[in-house]
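Coordinate-derived values only; no laboratory data. Since the structure is predicted, the reported quantities are computational estimates derived from the model, not experimental observations. Because the Cβ atoms are built from the backbone with ideal geometry, glycine has one as well, and the counts that use them run over all protein chains shown.
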Amino acid sequence: MIYLQNDSIQAHAFQTAKNDNIFCGDSFYVSVEEDYFIGVLADGLGSGELAYESSQAVVSIVKSNPEADVDTLMHYANEVLIRKRGAAVAILKVDFKKKTYEYSCVGNIRFYVYTPSGKLIYPMPVTGYLSGRPMQFRTHKYKYESNSKFLIHTDGFKNINTKAFLTSNQSIPALVARLKVLQQNSKKDDMSFIVGTFL
Ligand SMILES: [Mn+2]
C-alpha cells in the first residue's frame, strides 16, 4: 500500500497477487512532485514472473521520464515491451498549476472521475495491449474540478458500484479501507487500484 499526499492531490495505490503468488503480474507507480502527479497501472499478460517483467518494464520507463507527456510515455511503454509478453497500460498525469489531467489507456484498465457537481468522466481505453507493435493512442485531456474523486483499476478488480462508492461522503482513507477488504477476498487475478482526490 502506497499513500501520497500534498496540497493538490491525495492518492492511494494497492495491489494483491493472484492466489498470493510471489510475483504480481500487475505493477503500479505513483509519484507526486510540486507541480504534477503521475500514476501508472500496468497489467502484464498472463500472470507470474513473465507478466511481472512486462509490467515492471513499463513502470521503469515512466519513472525514468517524469518530464514526458502522457502520449510520449505511452510510446516509450510500447517500445520497452518489444520481445516481452506485453501489457495493458494506463497512465495518468495531473498538472496542478493548470488544473488539468491527461489520461491514456490501452487494454482492460478502467478509469473513473466523479466531480463534486456530479459529473462522471469515464474515458474509453483503446482495446488490445502494448507489445511493441506500432499503435495509435487515444490520450484524453480534461480540466479538473477540485475535490473530484478518481479510481483506476486493472481487470482483476472485483466490480463495485463505482458511482455510489465515489460519490459517498466518506473520506478517501475510509473508502480505501473498504476497498481493500473487498478486493483481498477475491484473488482470482492480479489486482491493482489507485484511488484518490484532486484537491
Ligand atoms: Mn489482469
**Study point:** Mean Cα-pair separation over length for region 81-165, i.e. relative contact order, pairs under 8 Å, 6 or more apart, %
**Key:** 34 percent
Review point. Given a cut-off of under 8 Å on Cα pairs at least six residues apart, what relative contact order in percent is computed for region 2-198?
Key: 25 percent
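Net charge within 11 Å of THR115 by Cβ-Cβ distance, Lys/Arg positive one each and Asp/Glu negative one each, not counting THR115 itself?
+2
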Point to revise | trypsin sites (Lys or Arg not before Pro) lying in DSSP loop within region 58-160, provided at most 12 other Cβ fall within 10 Å | key: ARG83, LYS97, LYS98, LYS119
Review point. Which whole-Hz couplings ³J(HN,Hα) result when phi for each residue of region 110-125 is put into the Karplus expression 6.51 cos²θ - 1.76 cosθ + 1.60, θ = phi - 60°, listed in order with x for Gly and Pro?
Key: 10, 9, 10, 10, 10, 8, x, 7, x, 8, 9, 10, 9, x, 6, x
Check your understanding: What lysines sit close enough to LYS98 to cross-link, taking a C-alpha to C-alpha distance under 24 Å and skipping anything fewer than 8 places away on the same chain?
Key -> LYS63, LYS119, LYS141, LYS143, LYS149
**Study point:** Karplus-derived 3J(HN,Hα), 6.51/-1.76/1.60, for each residue of region 12-20, Hz, glycine and proline x
**Key:** 10, 10, 8, 8, 9, 9, 4, 6, 6
Study note, to complete from the structure: Lys and Arg at +1, Asp and Glu at -1: neighbours of LEU182 with Cβ under 15 Å from its Cβ sum to +4
